[in-house]
Amino acid sequence: MKRLFVLLAASILAAPAIFSPIAVGQAAPKPTPEQLAKTYEEDQLSLEACGVPRNAADDYRPTPLTPDQTRAHRLPASDNFKLDVVASGLPNPWALAFLPSGNYLVTIRGEGLRVVSADGKTSAPVAGTPPIKNAIRLLGMHDVILDRDFAINRTVYLAFVTTPEGKPPTGYIVNAKLSADEKSLENYTILKEQAGMIPRRIVQGTDGRLYIHTAEVITPYVTVQNMASPQGKLLRLNTNGSIPGDNPFAPMATADPAIWALGFRDPQGMAIDPKTGELWTIENEPRGGDELNVVHAGRNYGFPLISYGRDNDGKLLNGGLTQKAGLEQPVYFWTPSVALSGMTIYSGNAFPAWKGDVFAGGLSGMQLIRLKMENGRVAGEEKLLRDKCKRIRDVRQGPDGLLYILTDDANGEIWRLSPKS
Ligand SMILES: [Ca+2]
């Protein structure tokens, strides 16, 4: 138990600064090796400025398969937004969803679920939420999403870990109905339950199915390539918990039929590209090598057989192998780690310059990452909000097209980015 805590803590502790802004509107120049080195150094300095240790000070940098897979050139600094604090005093919030009432549904890692009113007042815990009890502080209530027909059916889905009396820590994916007054969850139904499973994020696909990303954080990560285990996987369920008939491994007698893709370590962010319907995810490797992936049915994303990071003890994973036939390459990776959290792909009208960009939170990296995408590849990277020195837990696009951010803190906050007038 203690060991797991230490591993989790290590994976979430990490890095970065204030980059000299390039004039907005200026074409982004191709970076020189010196500039790339500066980017790295600046990240390290920004963490130091925040009073936290540098992450991977030895600058371990394995060679990418393609040059656009890491350390993309730095985008001109965005100057198109202002930041407002919507709410504060949330103890380690994990995920954020938007209710049609204009209120926010927020998961609290160690507790459950709360509603934050549009004007920032936090409710008592939502009654009827499954009890969260764990010896491991970093596990608990993770994601919440609304069903796409929530306005009609009031259905929400939750992903969490709790420790039932006399049992080991157990992962759950459940659905429930939120009462009309938003004060209680009405009789939740378990869709999947498994000892040791760490469900992190849920997304409802364009097909209406639930996609659930799960983690495996204990060395040597034996469950990740084990088809009988739902850990370190992307799972796909019908909204009532049954298995879709076309799940890729359903015909395999020895496989968990919920598995849709495999080979992940600790995925904490997931989003549908509104243009293509593709499922994009971000995950944390133990030390360096955090990844952005586009996930397709039946494929193997490689962990721990290949990785651009190292294990928590600093040793190479599988001899430092980074590529192998039959195993998917990440679209992009980060060395050192930024400890990725939530993500969104921006599709709103409030920030025309950001349309199609990937946003991802950084926990130990204390930053909001923006990736400019071109044809499914990363064309540039910006690191926002580093001057705030806050661990960023989630980033979501609101129904109003603004960006909302959760900070990971005993006094966690909801931030809103809106256009600068
Ligand atoms: Ca991978």
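None of the figures in this text is laboratory data; all of them are computed from the coordinates on show. This is a predicted model, so every value here is computed, not measured. Cβ: placed from backbone, ideal geometry, glycine included. Neighbour counts: every protein chain shown.
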If each part is reduced to its alpha-carbon centroid, region 219-236 and region 367-406 end up apart, in Å, by 29 Å
For TYR301, TYR157, what's the fewest-to-most ordering of other Cβ within 10 Å of each Cβ?
-> TYR157, TYR301
How large is ³J(HN,Hα) for each residue in region 325-330, as worked out from phi by the Karplus curve 6.51 cos²θ - 1.76 cosθ + 1.60 (θ = phi - 60°), to whole Hz, x for Gly and Pro?
-> 4, x, 10, 6, 8, x
Considering the chain as a Gaussian network with a 10 Å cut-off on Cα pairs, which listed residue, ARG377, ARG74, ARG54, attains the greatest mean-square fluctuation?
-> ARG377
What order do you get for MET270, MET373, MET227 when you list them from fewest to most C-beta neighbours inside 10 Å?
-> MET227, MET373, MET270
Would you compute the Debye intensity of the chain from its alpha-carbon atoms alone, equal scatterers and no solvent, and pass along log10 I(q)/I(0) at q = 0.07, 0.09, 0.11 Å⁻¹ to two decimals?
-> -0.30, -0.50, -0.78
Connecting every pair of Cα atoms under 10 Å apart in the chain and solving the GNM, the largest mean-square fluctuation among LEU262, LEU384, LEU83 falls on LEU83
Estimated vicinal HN-Hα couplings, Hz - region 247-264 in sequence order (Karplus 6.51, -1.76, 1.60; Gly, Pro = x) | 4, x, 9, 4, x, 7, 4, 8, 9, 5, x, 6, 5, 10, 7, 9, x, 10
Taking H as built 1.01 Å from N, whose amide H comes closer than 5 Å to the amide H of HIS142, not counting residues under 5 places away?
-> ALA159, PHE160, VAL161
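How much length is gained on full extension from GLN225 to ILE152, taking 0.36 nm per residue of separation minus their Cα-Cα distance?
Stretched fully, the GLN225-ILE152 segment lengthens by 22.3 nm.
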The relative contact order of the chain, taking Cα pairs under 8 Å that sit 6 or more residues apart, comes to a percentage of 16 percent
Using amide H atoms built 1.01 Å from N in the peptide plane, name the residues 5+ places from ARG200, or on other chains, whose amide H lies under 5 Å from its own.
-> HIS213, THR214, ALA215
Let me have the relative contact order for region 265-306, percent, based on Cα pairs under 8 Å that are six or more residues apart.
-> 32 percent
Counting only C-alpha contacts under 8 Å and six or more residues apart, can you give the relative contact order of region 138-253 as a whole percent?
-> 18 percent
Measure out, as a whole number of angstrom, how far apart the alpha-carbon centroids of region 73-132 and region 281-314 sit.
-> 28 Å
Local electrostatic count, ILE132, Cβ distance below 12 Å [Lys/Arg +1, Asp/Glu -1] | +2
Order of PHE333, PHE81 from fewest to most other C-beta atoms within 10 Å?
-> PHE81, PHE333
Spelling it out for GLN367: with amide H atoms placed in the peptide plane at 1.01 Å from N, the residues 5 or more places away or on another chain with amide H under 5 Å from its amide H are GLY362, ILE392
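Rounded to the nearest 500, what is the 222 nm mean residue ellipticity of the chain from helices alone, with -39500 (n - 2.57) per DSSP H run of 4+ residues and division by all residues?
-2500 deg cm²/dmol
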Dipole of the chain [Lys/Arg +1, Asp/Glu -1 at C-beta], most positive-end residue of PHE359, ASN411, THR63 = ASN411
Under the Karplus curve 6.51 cos²θ - 1.76 cosθ + 1.60, θ = phi - 60°, whole-Hz ³J(HN,Hα) for region 118-123, x wherever Gly or Pro sits | 4, 9, x, 8, 8, 6
